[in-house]
Structure formats: C-alpha cells, structure tokens
Amino acid sequence: MMFLKKFEIRWSDLDPNRHLANSAYINFMSATRMDYLISKGFDQQAMRKYKIGPIIFKEQIHYYQEAFQGKPIYVSLEIAGMSENGAFFSFIHNFYDHKGAHLAQGEMIGAWMNLETRKTTALPTEFLEIVTDLHKTKEYKILTKEDTRTPGKIPVAIELPV
C-alpha cells in the first residue's frame with residue numbers, strides 16, 4: 001500500500017504568487033519520507049545508533065497544477081529504485097489536492113552516509129526491510145552508483161572569480 005501524508009498549506013509555504021512555493025514542495029517531500037521511516041521505528045535515535053544519515057544527490061519537481069492555501073494537500077511516497085544493499089535509493093512523491101487532482105510529482109535520488117567516515121554505506125538489515133516494503137513504482141529498478149549521477153555532470157573544482 002502507498003504511504004500518504006496530509007498537509008495543511010501554511011502562509012509561510014506560499015511564494016509571492018500566493019501559491020505553494022517550490023521550497024515547500026521539497027519540505028513536504030522530506031517530511032513525508034521521514035514520517036514513513038519514523039512510523040516504522042527508523043527514527044533519529046536509530047540513525048544515531050547506526051551512525052547513519054540520509055543525503056540527497058538530486059531532487060526535481062514536475063508541476064501540473066497550482067496548490068493554494070485553504071485546502072489540504074496529500075503527498076505520496078513510493079520507491080522507484082534501490083541498490084541491493086540499500087545504500088542508494090530513489091523515491092517518487094505525487095502531490096494531490098483535496099479532491100484527488102494530481103498537482104505535481106517530485107523525484108529524488110539519495111544515499112545513506114556513515115556519519116563517522118562521511119562515505120556512503122549500506123543500510124542496516126533491519127531497515128532494509130522497511131524500505132523494501134514501500135510501494136514500488138512500475139519503473140522500479142535496482143540502482144547502481146552510476147544511476148545516482150546525472151550523465152555528463154562531473155564535479156569540477158573551479159576558482160571563485162574575484
């Protein structure tokens with residue numbers, strides 16, 4: 001079953017056009033992911049125990065309709081891909097208005113980081129099951145490290161123009 005979270009749009013979630021701001025979509029996506037994990041016992045205390053934390057490589061949102069203050073919205077969570085050891089993951093979030101109209105879709109790719117070594121790490125076995133239990137998209141696939149990078153985008157050290 002798909003995980004779904006309800007949000008009330010607050011004044012601070014709006015942009016100057018009086019619709020839901022880009023940053024609010026990102027925050028609602030993050031809150032939905034974390035609420036799912038917390039509901040399964042994968043909370044801050046568990047992350048501290050295993051010395052891990054989530055990192056985001058890339059997020060993008062496709063907008064279809066505006067969302068306004070005054071009516072709740074719903075954000076879904078599905079898994080679009082994961083590496084075999086759980087180190088890399090990709091989630092899809094769909095946004096719906098109070099009547100069920102599809103407002104937007106967010107995609108994110110990330111990894112788990114060991115907070116001591118600051119390197120990507122496998123997900124502990126007890127939490128691997130929690131993530132693999134998520135509803136999978138039709139396009140679900142096993143991810144590799146290469147899948148987490150945008151083709152042709154390689155970090156390059158550049159000097160700050162002075």
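Results for (1) in contact (Cβ under 8 Å) with a residue 24 or more places away in the chain; (2) buried (at least 18 other Cβ atoms within 10 Å of the Cβ); (3) of a type outside the set (A, V, I, L, M, F, W, C), shown as yes or no for each residue.
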residue: 54; (1), (2), (3): yes, no, yes
residue: 64; (1), (2), (3): yes, no, yes
residue: 69; (1), (2), (3): yes, no, yes
residue: 72; (1), (2), (3): yes, no, yes
residue: 76; (1), (2), (3): yes, yes, yes
residue: 104; (1), (2), (3): yes, yes, no
residue: 129; (1), (2), (3): no, no, yes
residue: 142; (1), (2), (3): yes, no, no
residue: 153; (1), (2), (3): no, no, yes
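Go through segment 1-25 and give me each residue that's exposed (fewer than 14 other Cβ atoms within 10 Å of the Cβ), assigned to a helix (DSSP H, G or I) and in contact with a Phe, Trp or Tyr (Cβ under 8 Å, 6 or more places away or on another chain).
None; the set is empty.
Given (1) closer than 27 Å to residue 149 by Cβ; (2) surrounded by fewer than 16 Cβ atoms within 10 Å (Cβ to Cβ), identify the lone condition not met by residue 32.
Going through (1) closer than 27 Å to residue 149 by Cβ; (2) surrounded by fewer than 16 Cβ atoms within 10 Å (Cβ to Cβ) one by one, residue 32 breaks only (2).
Looking at residue 33, is it charged (D, E, K, R) and within 18 Å of the chain's Cα centre (by Cα)?
On the way: charged (D, E, K, R): yes; within 18 Å of the chain's Cα centre (by Cα): yes.
Against the criterion (charged (D, E, K, R) and within 18 Å of the chain's Cα centre (by Cα)), residue 33 qualifies.
Go through 93, 98, 135 for me and flag whichever is under 26 Å from residue 10 (Cα atoms) and out of contact with any helix residue (DSSP H, G or I) (no Cβ under 7 Å at 6 or more places or on another chain). Can you show your working first?
Values: 93 fails: out of contact with any helix residue (DSSP H, G or I) (no Cβ under 7 Å at 6 or more places or on another chain); 135 fails: under 26 Å from residue 10 (Cα atoms).
Every option except 98 fails the conditions.
Restricted to segment 78-100, and to residues that are outside any strand (DSSP E or B) and open to solvent by 20 Å² or more (accessible area, probe 1.4 Å), which residue is farthest from residue 49 (Cα to Cα)?
Kept after step one, since they are outside any strand (DSSP E or B), are these residues of segment 78-100: 83-87, 98-100.
If we keep only those that are open to solvent by 20 Å² or more (accessible area, probe 1.4 Å) too, we end up with 84-85, 98-100.
Working: 84: 22, 85: 19, 98: 38, 99: 41, 100: 39 Å.
Across segment 78-100, the extreme among qualifying residues is 99.
Out of everything in segment 101-130 that is assigned to a loop (DSSP other than H, G, I, E, B) and among the polar types (S, T, N, Q), what residue ends up being farthest from residue 85 (Cα to Cα)? Can you show your working first?
Filtering segment 101-130 down to residues assigned to a loop (DSSP other than H, G, I, E, B) leaves 101, 115-118, 121-124.
Restricting the remaining residues to those that are among the polar types (S, T, N, Q) gives 117, 121.
Working: 117: 18, 121: 9 Å.
Among those residues, the one meeting the criterion is 117.
Residue under question is residue 50, and the condition is that it be more than 18 Å from the chain's Cα centre (by Cα), closer than 25 Å to residue 143 by Cβ, open to solvent by 20 Å² or more (accessible area, probe 1.4 Å) and of a type outside the set (Gly, Ala, Ser); does it hold?
Numbers: more than 18 Å from the chain's Cα centre (by Cα): yes; closer than 25 Å to residue 143 by Cβ: yes; open to solvent by 20 Å² or more (accessible area, probe 1.4 Å): yes; of a type outside the set (Gly, Ala, Ser): yes.
Criteria met by residue 50.
Take the conditions modelled with pLDDT under 95 and touching an Asp or Glu at 6+ places or on another chain (Cβ under 7 Å) and apply them to residue 108. Does it pass?
Values: modelled with pLDDT under 95: no; touching an Asp or Glu at 6+ places or on another chain (Cβ under 7 Å): yes.
Taking the combined requirement at face value, the residue does not satisfy it.
Please verify whether residue 49 is of a type outside the set (A, V, I, L, M, F, W, C) and outside any helix (DSSP H, G or I), treating the condition exactly as stated. First the steps, then the outcome.
Numbers: of a type outside the set (A, V, I, L, M, F, W, C): yes; outside any helix (DSSP H, G or I): no.
No; evaluated as a whole, the condition is false for this residue.
How many residues are within 18 Å of the chain's Cα centre (by Cα) and open to solvent by 20 Å² or more (accessible area, probe 1.4 Å) when one looks only at segment 106-127?
Let us first name the residues in segment 106-127 that are within 18 Å of the chain's Cα centre (by Cα), namely 106-113, 120-123, 127.
When the remaining residues are screened for being open to solvent by 20 Å² or more (accessible area, probe 1.4 Å), the result is 107, 109, 113, 120-122.
Going through segment 106-127 one residue at a time, the tally reaches 6.
From the residues in segment 34-46 that are in a helix (DSSP H, G or I) and in contact (Cβ under 8 Å) with a residue 60 or more places away in the chain, which one is nearest to residue 121 (Cα to Cα)? Even if it seems obvious, please write down each step before you answer.
At the first step, the residues of segment 34-46 found to be in a helix (DSSP H, G or I) are 34-39, 44-46.
Then drop every residue that is not in contact (Cβ under 8 Å) with a residue 60 or more places away in the chain, which leaves 36-37, 46.
On the way: 36: 21, 37: 18, 46: 15 Å.
Checking each candidate, the answer is 46.
For segment 132-162, name all the residues that are under 15 Å from residue 92 (Cβ atoms) and part of a loop (DSSP other than H, G, I, E, B).
Selection gives 134, 135, 143.
The values are calculated or read from the model by the stated rules, or taken from the named source; none is laboratory data. Computed from a prediction, not measured in an experiment: that's the story for all the values here. Here Cβ is always computed from backbone atoms with ideal geometry, including for glycine, and neighbour counts include all displayed protein chains. Heads up: the accessible areas ignore ligands, DNA and RNA and are worked out on the full protein's heavy atoms, side chains in. Shrake-Rupley method; radii C 1.70, N 1.55, O 1.52, S 1.80 Å.
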